[in-house]
Amino acid sequence: MNLPSPTAMHDQTIARLGAGLAAGEFSSEELTRVFLARIEQFNPGLNAFITVTAESALAQARAADERRRRGEAGPLTGVPIAHKDIFCTDGVRTSCGSRMLDRFIAPYNATVVENLAAAGVVMLGKTNMDEFAMGSSNETSFYGPVRNPWDLDAVPGGSSGGSAAAVAARLTPGATGTDTGGSIRQPAALCGITGIKPTYGRVSRWGMIAYASSLDQGGPMARTAEDCALLLGAMAGFDRRDSTCVDRPVPDYVALLDRPLHGLKIGLPREYFGEGLDGEVARVVEAAITEYRKLGAEMVEISLPNSQLAIPAYYVIAPAECSSNLARFDGVRYGHRCENPKDLLDLYTRSRAEGFGAEVTRRILVGTFVLSAGYYDAYYLKAQQIRRLISDDFRRAFDQVDVIAGPTSPTVAFNLGEKVDDPITMYLSDIYTIAVNLAGLPGLSLPVGFVGQRPVGLQLIGNYFAEDQLLNVAHRYQQVTDWHQRSPVAFA
Amino acid sequence: MSLGPAEVAKIAHLARLAIREQDAPAYARNLSAILDLVAQMNAVDTTGVAPMAHPLDMAQRPRADEVTEANQREHFQAIAPRVEAGLYLVPKVIE
């Protein structure tokens, strides 16, 4: 394991790059050129980007430099980042990893994109992802799999696999992601970076292509909790265009990072340390827990008794919502349209069959089935009741503890091709992350070590709107450890 | 719950998805396996448990019935597969 060279621009955190820009050590244009050159050099081997927007990135960088000259710069002004290709970007292809949207040029910006642009960030491009965010390995993308920078034979996780791999390989200092069942946290864990899924409603979903609307939430992915705090502060906030966005002030996450952890009660759910957890991952996670004890936190064993029901309930609710959301792709208004349809039904069925890959098709079929006449109560209603039980488990746990900790994923990154033909095995890789989405709680993953050369993530789960606390708890750990500073040798 | 290729064809029709006949058995196997996984929910009695549709049990926020968006028909139709004279083109529905 090589420690990064202290001087290389690409190896700096967003916080450090922001300080460098503010001090005039380099311009945003220079910085943007560094990352564009790295993308050109390394992306062919990683496939982390679907679209690179070099020209507009340089224009945005020059605008950021100009803004700084006018004295109007903030902490993110001129910092390059990448957007997951699920966020609509005005005038730029927004594919969602699907053939369906291969030629879709978004006619407007997502609120997250607007908010970050208003803070002055520079967009380097759009990152690869599982098709319509359905997957845990990035292998369902129409644009091919992304490779894990730590081991090119391994998956980066998914669905925000391109964002995670791009940050880990230092092709961008930060990126946006989305998380419906673990799609920020699991790839963050598998690629050795930090990522936070905020409370449902904290970040606007407007312009973020919908998968399962009662679960989807956008969030930042970066090297450190501090960088995630900077990005989340700019991304979050009320948006009248998202009817489930919460009207609540956004705290100054950066100012709240340093609070000491003395007396913090960390709950360890026994269900997250049992059967199914890889023994070596468990040892790394336990070492991280020991570190938290040294920081003054107190460990409390807790139980989340309905944990094993999270995946079954999720694979009713998410497909049901996906079958409804993806009904909009009809070959008429935008997206893929088949050649020479013989009638309207043929236009619909063939455009959709040609546009969607196998995993998306499976989930639409499952969702259509569970919502069909005669099955609704047995599946969808039942799943919503289970969802309540899972949410109640967390409510009871947060009566006893401040945050909950455990592994993000039961294993380190698996090999490309290993699970792609077996949907059920793939689904089980999200066993510790899915319940958090069902309850709508915030969750964060931070790097805490390795098994061999593949990274391990620790998941922290907080109470509703406790993003500040999760970032604080992660940040304190990163002040006394250096896992987040490790970089894959091949991308030094 | 086990589904066969014929049931998959019926669901595919409801979902407006053209599935090739040779792919139906594989989808039937996948769907049956997923429904078996989902059936683990039945191990728990949920009688009297209120279904949860929204993580924060929040009601939809109403808004005033006012025009807030400008008409952008041409902008939005620029990305449509087939348009003519401001209309989306589809195969003939009525003879």
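The table below lists the values:
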| item | result |
| --- | --- |
| Within segment A:403-415, considering residues that are surrounded by fewer than 20 Cβ atoms within 10 Å (Cβ to Cβ) and not hydroxyl-bearing (Ser, Thr, Tyr), the one farthest from A:SER445 (Cα to Cα) | A:ASN415 |
| Count - residues of segment A:446-467 that are in a helix (DSSP H, G or I) and either more than 22 Å from A:ASP393 (Cα to Cα) or at pLDDT below 95 (or both) | 0 |
| Conditions (1) within 10 Å of another protein chain (Cβ to nearest Cβ); (2) modelled with pLDDT under 95; (3) within 24 Å of the chain's Cα centre (by Cα); number of the one not met by B:SER2 | (1) |
| Matching helices (runs of 4 or more DSSP H) fully within segment A:1-85 where at least 2 residues are small (Gly, Ala, Ser) and closer than 30 Å to A:ASP130 by Cβ | A:28-46, A:54-69 |
| Subset of segment B:15-28 [part of a helix (DSSP H, G or I) and either surrounded by 15 or more Cβ atoms within 10 Å (Cβ to Cβ) or touching an Asp or Glu at 6+ places or on another chain (Cβ under 6 Å) (or both)] | B:ASP23, B:ALA24, B:ALA26, B:TYR27, B:ALA28 |
| Residue within segment A:100-118 that is touching an Asp or Glu at 6+ places or on another chain (Cβ under 6 Å), buried (at least 24 other Cβ atoms within 10 Å of the Cβ), modelled with pLDDT of 95 or more and over 26 Å from A:ALA61 (Cβ atoms) present | no |
| Among residues of segment A:305-324, those that are within 8 Å of chain B (Cβ to nearest Cβ) and small (Gly, Ala, Ser), counted | 2 |
| Criterion: within 9 Å of chain A (Cβ to nearest Cβ) and either small (Gly, Ala, Ser) or outside any loop (DSSP other than H, G, I, E, B) (or both) - qualifying residue of B:ALA70, B:ALA80 | B:ALA80 |
| Where a residue in segment A:80-107 is at negative phi and its partner, wherever it lies, is of a type in the set (Lys, Arg), with Cβ under 6 Å and at least six apart | A:HIS83/A:LYS126; A:ASP85/A:LYS126; A:ILE105/A:ARG93 |
| Those residues of segment A:89-104 which are assigned to a loop (DSSP other than H, G, I, E, B) and touching a helix residue (DSSP H, G or I) at 6+ places or on another chain (Cβ under 7 Å), in sequence order | A:THR94, A:SER95, A:CYS96, A:GLY97, A:SER98 |
| Qualifying positions in segment A:434-461 - among the small types (Gly, Ala, Ser) and within 22 Å of A:GLN384 (Cα to Cα) | A:ALA435, A:ALA439, A:GLY440, A:GLY443 |
| Filter pass, A:ALA310 being in contact (Cβ under 8 Å) with a residue 40 or more places away in the chain, closer than 26 Å to A:VAL403 by Cα, surrounded by 19 or more Cβ atoms within 10 Å (Cβ to Cβ) and hydrophobic (A, V, I, L, M, F, W, C) | yes |
| Tally, over segment A:267-312, of residues that are within 23 Å of A:ILE390 (Cβ to Cβ), charged (D, E, K, R) and either at pLDDT 95 or above or under 24 Å from the mean Cα position of the chain (by Cα) (or both) | 3 |
| Breaking point among (1) out of contact with any strand residue (DSSP E or B) (no Cβ under 8 Å at 6 or more places or on another chain); (2) under 29 Å from A:ASP239 (Cα atoms), for B:LEU87 | (2) |
| Residues (in contact (Cβ under 8 Å) with a residue 12 or more places away in the chain and surrounded by fewer than 22 Cβ atoms within 10 Å (Cβ to Cβ)) located in segment A:363-379 | A:LEU371 |
| Every residue from segment B:5-37 that is within 7 Å of chain A (Cβ to nearest Cβ) and either among the small types (Gly, Ala, Ser) or over 19 Å from the mean Cα position of the chain (by Cα) (or both) | B:ALA12, B:ALA15, B:ALA18, B:ALA33, B:LEU37 |
| Helices (runs of 4 or more DSSP H) (entirely within segment A:325-425) containing at least 3 residues that are more than 7 Å from every other protein chain (Cβ to nearest Cβ) and under 23 Å from the mean Cα position of the chain (by Cα) | A:358-370 |
| Answer residue from segment A:236-265, given it is within 14 Å of another protein chain (Cβ to nearest Cβ) and of a type in the set (A, V, I, L, M, F, W, C) and is surrounded by the fewest Cβ atoms within 10 Å (Cβ to Cβ) among those | A:PHE238 |
| Condition met for B:ALA26 (at pLDDT 95 or above and out of contact with any Cys (no Cβ under 6 Å at 6 or more places or on another chain)) | yes |
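The values are calculated or read from the model by the stated rules, or taken from the named source; none is laboratory data. What you see is a predicted model; the values in this text were computed from it and never measured. So basically every Cβ, Gly included, is an ideal-geometry build from the backbone, and we count neighbours across all protein chains shown.
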